[in-house]
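Engineer: Dropping a structure here in structure tokens format, bear with me for questions.
The values are calculated or read from the model by the stated rules, or taken from the named source; none is laboratory data. Just so it is clear, the structure is predicted and the values come from calculations on it, not from any experiment. Reconstructed Cβ throughout: ideal geometry from the backbone, glycine too, with neighbour counts over all protein chains shown. The area values use the complete protein model at the heavy-atom level, side chains included, leaving out ligands, DNA and RNA. Shrake-Rupley method; radii C 1.70, N 1.55, O 1.52, S 1.80 Å.
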Amino acid sequence: MMAPEQRDAYLGEQRTCRVATLAADGSPHVGALWFVWDGGSLWLYSIIRSLRWSQLRADPRVAVVVDDGEEYGELRGVELSGTVEFVGEAPRSGEPCPELAVPERLFPAKYFAMADMPHDGRHAWLRLTPDRIVSWDFRRIPGLPRVPESG
């Protein structure tokens with residue numbers, strides 16, 4: 001398990017998460033997405049005409065995984081789960097929204113090396129303030145044997 005400060009640093013440096021949503025019949029859907037972490041909430045910038053968006057409109061429960069590592073002893077990650085909230089207008093046009101000040105500062109800096117958030121008329125914000133967070137870091141397990149990849 002990562003300490004909170006390790007988890008926050010990890011979520012700040014990673015670029016891609018996998019978002020799991022549910023269809024009306026209960027079948028899962030998983031898709032990759034960019035995100036920012038503000039220390040308490042995970043902010044997802046999603047295309048509003050996506051399957052993810054429509055499924056979350058119907059059922060806002062979500063699980064998100066951020067992970068990395070190649071070899072078994074390098075695996076680490078964070079799983080966050082809870083209920084998303086839709087924040088700001090959809091699609092996002094840049095209308096003033098104080099709740100979005102932090103993610104719209106973090107996101108363009110992280111992904112575009114820009115200070116201002118670009119708006120394309122296709123995306124909007126989802127906020128996940130997780131009910132549950134689980135983390136792992138196999139690099140911290142002393143003497144963990146390396147498991148060879150099967151071919």
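Engineer: Under 6 Å between Cβ atoms, which residue pairs at least 6 apart in sequence (or on different chains) link something in segment 41-53 that is under 15 Å from Val65 (Cα atoms) with a partner that is open to solvent by 30 Å² or more (accessible area, probe 1.4 Å) and of a type in the set (Lys, Arg)?
Structural biologist: Final answer for the pair search is Ser41/Arg127; Trp43/Arg127.
Engineer: Can you confirm whether Arg122 is modelled with pLDDT under 95, over 14 Å from the mean Cα position of the chain (by Cα) and open to solvent by 80 Å² or more (accessible area, probe 1.4 Å)?
Structural biologist: Working: modelled with pLDDT under 95: no; over 14 Å from the mean Cα position of the chain (by Cα): yes; open to solvent by 80 Å² or more (accessible area, probe 1.4 Å): yes.
For Arg122, the condition - modelled with pLDDT under 95, over 14 Å from the mean Cα position of the chain (by Cα) and open to solvent by 80 Å² or more (accessible area, probe 1.4 Å) - is not met.
Engineer: Continuing with this model, one more query. Hey, among Arg76, Arg49, Arg92, Arg61, which residue is within 24 Å of Pro118 (Cβ to Cβ) and touching a strand residue (DSSP E or B) at 6+ places or on another chain (Cβ under 8 Å)?
Structural biologist: When all the criteria are applied, what remains is Arg92.
Engineer: Any idea which residue in segment 61-107 is farthest from Gly143 (Cα to Cα), counting only those that are open to solvent by 40 Å² or more (accessible area, probe 1.4 Å), at pLDDT 95 or above and in a helix (DSSP H, G or I)?
Structural biologist: The extreme case among them is Pro98.
Engineer: Could you tell me whether any residue of segment 107-119 is within 15 Å of Arg18 (Cα to Cα) and out of contact with any Gly (no Cβ under 8 Å at 6 or more places or on another chain)?
Structural biologist: no
Engineer: Another question, then. Look through Arg127, Arg139 and report the one residue that is in contact (Cβ under 8 Å) with a residue 60 or more places away in the chain, farther than 18 Å from Ala32 by Cβ, within 14 Å of the chain's Cα centre (by Cα) and not in a loop (DSSP other than H, G, I, E, B). It would help to see each step written out before you state the result.
Structural biologist: Values: Arg139 fails: within 14 Å of the chain's Cα centre (by Cα).
That would be Arg127, the only listed residue that is in contact (Cβ under 8 Å) with a residue 60 or more places away in the chain, farther than 18 Å from Ala32 by Cβ, within 14 Å of the chain's Cα centre (by Cα) and not in a loop (DSSP other than H, G, I, E, B).
Engineer: If you go through segment 5-58 one residue at a time, how many are of a type in the set (S, T, N, Q), exposed (fewer than 13 other Cβ atoms within 10 Å of the Cβ) and part of a loop (DSSP other than H, G, I, E, B)?
Structural biologist: Qualifying residue count for the region: 1.
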